[in-house]
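Down below is the structure, laid out as structure tokens.
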């Protein structure tokens, strides 16, 4: 696929392997964070999505997502805004959905993670 086929808010299955240490692993959904400013680059800034656990409510950089037909998620999930990654579009397996309800919150939380570094 070409760079412009994936947009901010798209949820895609991404192959995060290989990884090192505590980096998030395996094929999993992730949400595309960046807008369309990097025309010509086949790179996307993404936040990985993992299964929701009740104790995640206490972790401010994890944004809760409820499953829906629109976002393509099967289970309640968490966007891990602390593990932002820039990935090649070659790592994207396919788009599974789109998130509109929590997109602004996910972007703001991601910005907060970067600001504290």
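Derivation of every value follows stated rules applied to the coordinates shown; laboratory data play no part. As the structure is a prediction and not an experimental result, all values here were calculated from the model.
Helix 103-116 and the longest principal axis of the Cα set of the chain meet at an angle near 80°.
Centre-to-centre, using Cα atoms only, the stretch 58-76 and the stretch 9-27 are separated by 16 Å. Here Rg/Rh (Cα atoms, Kirkwood Rh) was computed from the coordinates, and among (1) 1.51; (2) 1.02; (3) 0.93 the match is (3).
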